[in-house]
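Only the coordinates and a few stated rules stand behind these numbers; no lab work does. Keep in mind it's a predicted model, so treat the numbers as computed, not measured. Neighbour counts run over all protein chains shown; Cβ positions are idealised from the backbone, glycine included.
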Ligand code: PRP
């Protein structure tokens, strides 16, 4: 069910793409897999702000082995909604990752440009391993080849919001992932 009010006073949301229930189940599955794969390795989740914050929090709680979390903030879009390929680190990790098993947590991989830059930066710091867990992936939009070890859902090339993803900073708090009426937002 779409939340029309007060979350969406302008009626921009079009439909639910991934329900609250499906998100919960899939995040639990990912948490179970990660717990098995990283047993004894004390992985470090690196969550990419801001979009990944909800997913990373839920994933962290679904992981049943010792695990820590850190955050990075990067700017990926030059303007509008297209990745420019120009990526800046706005907030870096608090501690070195040399010898750590690092799992980058992203809300969405679109062109892959953001992640490509980020993985390059992290790889140069000498982690023991470096993998990606993305909640959403848009295969049709990929411009660079990124190996994502864990993907929650592959989705069509639609503008989506909710569960951390925004349109002009709105809708991050929705419990589901929704498509928006793209004719009604300034892209
Ligand atoms: C989004 C998303 C990824 C990136 C993916 O971030 O969180 O970091 O875009 O796009 P790409 O694969 O085409 O590079 P955004 O810049 O919207 O910032 P936000 O996470 O703060 O919303």
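Using per-residue counts of other Cβ atoms within 10 Å, averaged over each peptide, order 103-110, 61-68 from highest down. Intermediate values should be presented prior to the final figure.
Working: 103-110: 24.2, 61-68: 14.6.
The most tightly packed comes first, giving 103-110, 61-68.
With a point put 7 Å past each Cα toward its Cβ, work out how far residue 185 is from residue 88 in nm, to one decimal.
2.3
By its C-alpha gyration tensor, with a ≥ b ≥ c as the square roots of the eigenvalues, how is the stretch 24-160 shaped: rounded for a/c under 1.5, else prolate for a/b larger than b/c, else oblate?
oblate
At 222 nm, what helix-only mean residue ellipticity would the chain give, in deg cm²/dmol to the nearest 500, using -39500 (n - 2.57) for each DSSP H run of four or more?
Details: 3 runs with 39 residues, N = 187.
So the helix-based figure for the chain works out to -6500 deg cm²/dmol.
Relative to the longest principal axis of the C-alpha atoms of the chain, give the angle of the C-alpha long axis of helix 113-123, reported between 0 and 90° and rounded to the nearest 10°.
With both axes taken from Cα atoms, the answer is about 20 degrees.
Enumerate the residues in the stretch 124-140 having an amide nitrogen under 16 Å from the point lying 7 Å beyond the Cα of residue 65 toward its Cβ.
Once the point is set 7 Å along Cα→Cβ of residue 65, 128-133 turn out to lie under 16 Å by backbone N, inside the stretch 124-140.
At 7 Å along the Cα-to-beta-carbon direction for both residue 129 and residue 175, put a label point, then send me their distance in nm to one decimal.
Distance between the two pseudo-spin positions: 3.4 nm.
Note the angle between two axes, namely the Cα long axis of helix 53-62 and the longest principal axis of the Cα atoms of the chain, as a number of degrees from 0 to 90, rounded to the nearest 10.
Approximately 50 degrees, to the nearest 10.
Could you give the angle, 0 to 90 degrees to the nearest 10, between helix 20-37's Cα long axis and the longest principal axis of the Cα atoms of the chain?
In the chain, helix 20-37 runs at an angle near 10 degrees to the longest axis.
Set the Förster distance to 25 Å, then compute FRET efficiency between residue 145 and residue 7 from the Cβ-Cβ distance, nearest 0.05. Each step should come with its number before you reach the end.
Numbers: r = 36 Å, r/R0 = 1.45.
Calculated value: 0.10.
Classify the stretch 86-187: rounded, prolate or oblate, from the alpha-carbon gyration tensor (a ≥ b ≥ c, eigenvalue square roots; a/c under 1.5 rounded; otherwise prolate if a/b is larger than b/c)?
Numbers: a/c = 2.07, a/b = 1.85, b/c = 1.12.
Verdict is prolate for the stretch 86-187.
What is the distance in Å between the Cα centres of the stretch 93-158 and the stretch 42-60?
The stretch 93-158 and the stretch 42-60 have Cα centres separated by 12 Å.
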